[in-house]
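Scroll down for the structure; my scribbles are underneath it.
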Amino acid sequence: MTSPGHPTHPAGRVAIEPAAVAALGAELASLSAELSADADLSRAAAASLPLALGGTAGWSAGATATAWASLGELLAGRAAALATTFADAADVYRAHDRSLATGIGVAGQTAGPAAR
């Protein structure tokens, strides 16, 4: 009997669906674009807030909007990086699946449950 941490134990196996991973990557890419657009809007607001409000309140509002824009850009960049990672992982899994299928003589078909 094998323990759950053992490589041959069923609980230790990882199964993915490349289409689902690719879809998640596409959603992350969309999120990245939205976050980037929001950051641009925040940066534009940051420029006008000090003039509109004046004084310390205007400066504070502008600085806060600038910080919010920077956070949005950071999150957009991270989401874009994850989107690329997920898309690349799905491509690698598909290529490996095709290679396995070719190796067992079923070229043009995919092998196993991960090929959905």
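Extension gain, VAL92 to ALA23: 0.36 nm times the residue separation minus the Cα-Cα distance gives 23.4 nm.
At q = 0.15, 0.21 Å⁻¹, what is the log10 ratio I(q)/I(0) for segment 9-89, with the Debye formula run over Cα points and no solvent? Calculated log10 I(q)/I(0) at the listed q: -0.62, -0.85. Summing charges over all other residues whose Cβ lies under 15 Å from the Cβ of ALA45, with Lys and Arg as +1 and Asp and Glu as -1, gives -2. Nearest 0.05, what FRET efficiency do THR84 and LEU41 give at R0 = 25 Å with Cβ-Cβ as r? Using R0 = 25 Å, I get an efficiency of 0.55.
Each value in this text was obtained by applying a stated rule to the coordinates, not by laboratory testing. Here the structure is a predicted model, which means the values were calculated and not measured. When we count neighbours, we look across all protein chains shown, and the Cβ atoms used for this are built from the backbone with ideal geometry, even at glycine.
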